[in-house]
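Input: a single structure, listed below in C-alpha cells.
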Amino acid sequence: MTTRDKGPRDDRWYLNIMAPNTKGDKFAWLDPTSIYINGEAFHDLLDDLQADLEGVEVDVVAGLDAMGFVLAAALATRLGVGFLPIRKAGKLCVDTDKVSFGNYSGRTQDMEMRLPAFAPGTRVLLVDQWVETGGTMDGAIRLVERQQGVVAGMVAVAIEENERTAGYRAAYPCASGVIPGSRWQTECNAQRLSSFDTYEPEMAFPQKRG
C-alpha cells in the first residue's frame, strides 16, 4: 500500500501523515516534516502549491528560519528563481538588518536578512512551514519592505485563521497545503487533526527504490 492510498489527491491526502506533538507545550502542536520525508507526499504538496501560485510574479523565494528553508528552497527550484534565507539573529556573517517579533509560543525573538539582499522593487515570496499567530511572518514582511522589496505572496503548509492571517490573505496572494474552507482548515484552527487518531510514523516512511 502506498501513501497515496491514505486519501484522494483533491483532499490533500499528504496532510494525513503529519505527526502530532509528543514533547509538550514549548513545541509546535504538530510536525509537518513527515511530508518532506516522503517523496510522493512532498512532490504532491509542491505540485499543489505551484498550481495555487499560478499568475503570481516572483523574483526570489525567501524562507524563514528554520523549517521554512525546506519548503522555500524546493519551491524556488520549481519556480526557477533563487532562494533567500531569513535567519535567526547572529547566524549570518555579512551585514544584516534585524527585526524583533513575537513567535507562536509568545516569546520575543530577533531575525535577520542580509543587507543588501536585492534591488528595490524585487518581488519576494515569503515561505514558512506553518503560520499560526503570524508574528514571524510580520517580521519577514518588515525586513523585505525595509529594503524596498515587494511581498509577492505567502506560502505555508497551513495558514491558521485569525485576525492577523485574515489581513495577510486580504493583502497578498496566499497558498497553503491546507485549503481555506476545508475540514483540514477547521481542524488546524482547533490545533488537532482527526488523522492523529490513526497516525503511525511508518505512514511517512520513504518508499525503498530498486
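Just so you know, all these numbers are worked out from the coordinates, no wet-lab data involved. Computed from a prediction, not measured in an experiment: that's the story for all the values here. Cβ atoms come from the backbone with ideal geometry, glycine included; neighbour counts cover every protein chain shown.
Distance from the C-alpha centroid of the stretch 62-100 to that of the stretch 114-150: 9 Å, rounded to the whole angstrom.
Taking 25 Å as R0, compute the FRET efficiency from the Cβ-Cβ separation of ARG169 and ARG142 and round it to 0.05.
About 0.85, to the nearest 0.05.
Against the empirical 2.2 N^0.38 Å (N residues), the stretch 77-139 has a Cα radius of gyration ratio of 1.20. Only helices enter the 222 nm calculation for the chain: every DSSP H run of n ≥ 4 contributes -39,500 (n - 2.57), and dividing by all residues gives -8500 deg cm²/dmol, rounded to 500. Annotation for GLN191 and THR22: the two label points, set 7 Å from Cα along the Cα-Cβ direction, are 2.0 nm apart. Each residue, SER100 and ALA119, gets one label point 7 Å from its Cα in the Cβ direction; the gap between the two is 3.6 nm.
For the chain, there are no membrane-span-like helices by this rule, meaning no whole DSSP H stretch whose C-alpha atoms cover at least 24 Å of axis and whose Kyte-Doolittle mean is 1.0 or above; this says nothing about an actual membrane.
Centroid-to-centroid, using Cα positions, the stretch 188-206 and the stretch 162-186 are 21 Å apart.
Taken over the C-alpha atoms, the stretch 128-210 has Rg and Dmax values of 15.9, 50 angstrom. Across the chain, the convex hull enclosing all Cα atoms gives 136 Å³ per residue. Tell me the trypsin sites (Lys or Arg not before Pro) within the stretch 63-118 that lie in a loop according to DSSP and have at most 14 other beta-carbon atoms within 10 Å. Answer in residue order: LYS91, ARG107.
Taking the number of Cβ atoms within 10 Å of each Cβ as an exposure proxy, the fewest-first ranking of LEU45, LEU71 is LEU45, LEU71.
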